[in-house]
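**Q** Structure in structure tokens, see below.
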Amino acid sequence: MATLDITCLRSLVSVASFGGVRRAAEALHLSQAGVSGHLRRLEAELGFTVVTRQGRNIAFTSRGEDVLREAYRLLGEHDDALHRLLGPASGELLVVSTEHATEALLRAVARVLSRDHPDRPVRFRFHRSARVREFVHDHSADVALGIGDLGHGTRHLTDLPLTWVGPSDRAPDTGALVTFTAPCTVRDHILESEAGAGGSLVRECADLVSLLSAVKATGGITALPQARLSEPGLMTIDSLPPLPSIPLTLVTSNRLAARTRDGIIAALLSAT
């Protein structure tokens, strides 16, 4: 029976979040060969290709997107279980981020934490903003990046413009709407827009990977921050009415020194 190694799944999610093997290796404090080995081990265990190269970039196969979706879920359940059983890992720095954060933002956080705490492991977790708020509320996140109010200590970083997108391999059906499940600020903007008022909701998705897959599968449209428009298989739609921006926000734990907190804020502002 095939098994899924948590370490391999963590490398897979990092490759997706940081946009490549090299950047994922830097964030995980591993070698590029180590991360590549994790991907090959995962593919060997499953018996099919998970990632492919598109020029200098990494792309996920259709079945690879299924694996990535399960990896997010399994890692979340795994880490939550360990936290309940053992408490927070000693010395670990936890970064909890919205899936809308780009690799540039994540790299900015990783650089500052690695600079100020070179001997402490950094773990990244990716959730919807409602779940990010829970980490802020129970004080378990050292750094939290989300959309909108995250609770006490929320700092507004910048506004992320939203852009309509659809599949690039056909004419998008602008009357078919694909959104996240509620609660979601992006969902609200889509449904309250002029295009949303005249369209039909054809698919609701629990995570970003599912959302992107649903747009390609249904031929419908959704909205993404402009910084994520490089996603393969999608194209922008300029003919629809513009959407409001969404606020990118930050909360840092008091466990971090002022120098580190200020460094993270400065690095994020430079990366936006």
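**Q** Mind checking the dipole of the chain: about its Cα centre, +1 per Lys or Arg Cβ, -1 per Asp or Glu Cβ, Debye to the nearest 20?
**A** Roughly 740 debye for the chain.
**Q** Could you pull out the GluC sites (Glu not before Pro) across the range 64-126 that fall in loop regions by DSSP (anything but H, G, I, E, B) with no more than 14 other Cβ atoms inside 10 Å?
**A** E92
**Q** Another question, then. Would you calculate the volume per residue, in Å³, of the smallest convex hull containing every Cα atom of the range 43-177? Could you put the intermediate results ahead of the total?
**A** Numbers: hull volume 24.9 nm³, N = 135.
Spelled out: Cα convex hull of the range 43-177, divided by residues, is 185 Å³.
**Q** Can you work out the Karplus-derived ³J(HN,Hα) for every residue in the range 182-196? Use 6.51 cos²θ - 1.76 cosθ + 1.60 with θ = phi - 60°, whole Hz, and x for glycine or proline.
**A** Per-residue couplings from phi come out as 6, x, 6, 5, 5, 4, 4, 5, 5, 6, 8, 6, 4, 5, x Hz.
**Q** Follow-up question, since we're still on this one. In square angstrom, rounded to the nearest 10, how much accessible surface does H29 have for a 1.4 Å probe?
**A** Number for this one is 90 Å².
**Q** Shifting gears a bit: May I ask you to give the average projected area over all directions of the convex hull of the Cα atoms of the range 159-245, in nm² rounded to one decimal?
**A** Mean projected area for the range 159-245: 4.9 nm², to one decimal.
**Q** Kirkwood Rh over alpha-carbon pairs of the range 6-86, then Stokes-Einstein at 10 °C and 1.306 mPa s: what D in µm² s⁻¹, rounded to an integer? Kindly include the intermediate steps, with their values, before the conclusion.
**A** Numbers: Rh = 12.9 Å.
Taking Rh from Cα pairs, D becomes 123 µm²/s.
**Q** What is the magnitude of the charge dipole of the range 159-245 about its Cα centre, with +1 placed on the Cβ of each Lys and Arg, -1 on the Cβ of each Asp and Glu, and no other charges, expressed in debye to the nearest 20?
**A** Dipole magnitude for the range 159-245 comes out near 200 debye.
**Q** Further question on the same structure: Rounded, prolate or oblate: which fits the chain when a ≥ b ≥ c are the square roots of the eigenvalues of the alpha-carbon gyration tensor, with rounded for a/c under 1.5 and prolate only if a/b beats b/c?
**A** Details: a/c = 1.76, a/b = 1.21, b/c = 1.45.
Oblate.
**Q** Of the options H137, P161, V15, report the single residue whose Cα projects farthest towards the positive end of the charge dipole of the chain (beta-carbon charges: Lys, Arg +1; Asp, Glu -1).
**A** Selected residue: V15.
**Q** Among the trypsin sites (Lys or Arg not before Pro) in the range 187-272, which ones are in a DSSP loop with at most 14 other Cβ atoms within 10 Å of the Cβ? Mind listing them?
**A** When the trypsin sites (Lys or Arg not before Pro) of the range 187-272 are filtered for loop state and at most 14 Cβ neighbours within 10 Å, R255 remain.
The values are calculated or read from the model by the stated rules, or taken from the named source; none is laboratory data. Nothing here was measured: the structure is a model prediction, and the numbers come from that model. In this analysis, Cβ positions are derived from the backbone assuming ideal geometry, glycine residues included, and neighbour counts consider all displayed protein chains. What goes into the accessible areas is simple: the full protein's heavy atoms, side chains included, and nothing from ligands, DNA or RNA. Shrake-Rupley method; radii C 1.70, N 1.55, O 1.52, S 1.80 Å.
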